[in-house]
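Here's the structure, in structure tokens; my notes come after.
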Amino acid sequence: MGAWLCFEDEAGQTLRSPKGRTWGAKGGGRVSIAALVAVKPGQRPRLIYRTRTYRGRKGEPKGFGSADYAALFDGAHQHLGAPVVVAVDNLNTQVSARMRQLIAARPWLRVYQLPPYALEFNPVEAVWAHMKKSLANLTTRTLDQLADLVKNRLKRMQYRPALISGFSPRPGWTPTRRNLRH
């Protein structure tokens with residue numbers, strides 16, 4: 001099929017420091033992030049992400065919706081220039097009827113679900129751990145500063161393919177119908 005295998009996950013970061021103590025401001029907003037780690041034999045791994053800032057306004061979505069995930073997959077397809085096979089967790093947005101419609105409209109896209117609580121299979125979990133560790137004890141006063149800092153940390157990772165390779169599933173793991181669900 002010549003496709004890229006992509007692992008997707010989402011995370012959020014608030015103005016509260018993820019570790020340690022900080023004099024940073026407390027706030028009700030957050031930066032939501034959705035990311036893909038894309039791997040293909042013979043190619044360097046890729047990290048592709050999108051962010052959304054939630055400011056706590058009435059009617060404002062807190063996180064990513066089906067259309068946002070479809071846009072992420074569209075961007076990955078365009079960037080990678082090949083079909084995309086995506087392994088997702090069991091987030092309700094990703095298994096919704098609307099998401100199934102969006103996936104069906106893209107012949108170059110296949111989406112499979114990882115088993116529940118299979119963090120060791122998803123390299124994006126390691127991306128989040130690395131990013132949050134790099135944000136520990138840093139002070140940001142506004143959500144815009146936090147969003148810029150999150151993007152900065154993710155961009156740094158994008159330019160370190162060896163680091164992204166280290167986040168890949170444990171050695172010897174290969175995707176099968178047994179550990180992925182369609």
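The values are calculated or read from the model by the stated rules, or taken from the named source; none is laboratory data. Note that the coordinates shown come from a computational prediction; the quantities given were computed from them, not determined experimentally. Don't worry about glycine lacking a Cβ; one is built from the backbone with ideal geometry, like all the others, and counts go over all protein chains shown.
Results for (1) in contact with a strand residue (DSSP E or B) (Cβ under 8 Å, 6 or more places away or on another chain); (2) of a type in the set (A, V, I, L, M); (3) surrounded by 14 or more Cβ atoms within 10 Å (Cβ to Cβ); (4) more than 21 Å from Y54 (Cα to Cα), shown as yes or no for each residue.
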site: R106; (1), (2), (3), (4): no, no, yes, yes
site: L109; (1), (2), (3), (4): yes, yes, yes, yes
site: L114; (1), (2), (3), (4): yes, yes, yes, yes
site: A118; (1), (2), (3), (4): no, yes, yes, yes
site: P123; (1), (2), (3), (4): yes, no, yes, yes
site: H130; (1), (2), (3), (4): no, no, yes, yes
site: L135; (1), (2), (3), (4): yes, yes, yes, no
site: T140; (1), (2), (3), (4): no, no, yes, no
site: L143; (1), (2), (3), (4): yes, yes, yes, no
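Residues in segment 91-137 that are in a helix (DSSP H, G or I) and of a type in the set (F, W, Y): F121, W128. Beta carbons closer than 8 Å, at least 6 apart along the sequence or on distinct chains, pair a first residue in segment 1-14 that is farther than 19 Å from V124 by Cα with a second that is buried (at least 17 other Cβ atoms within 10 Å of the Cβ) and modelled with pLDDT of 85 or more for M1/V85. Within segment 113-122, is even one residue at positive phi and either of a type in the set (S, T, Y) or modelled with pLDDT of 90 or more (or both)? Yes, because at least one residue in segment 113-122 is at positive phi and either of a type in the set (S, T, Y) or modelled with pLDDT of 90 or more (or both).
Residue by residue, here is whether (1) aliphatic (A, V, I, L, M); (2) in contact (Cβ under 8 Å) with a residue 60 or more places away in the chain holds:
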residue: V86; (1), (2): yes, yes
residue: L102; (1), (2): yes, no
residue: P107; (1), (2): no, no
residue: A118; (1), (2): yes, yes
residue: P123; (1), (2): no, yes
residue: A129; (1), (2): yes, no
residue: A136; (1), (2): yes, yes
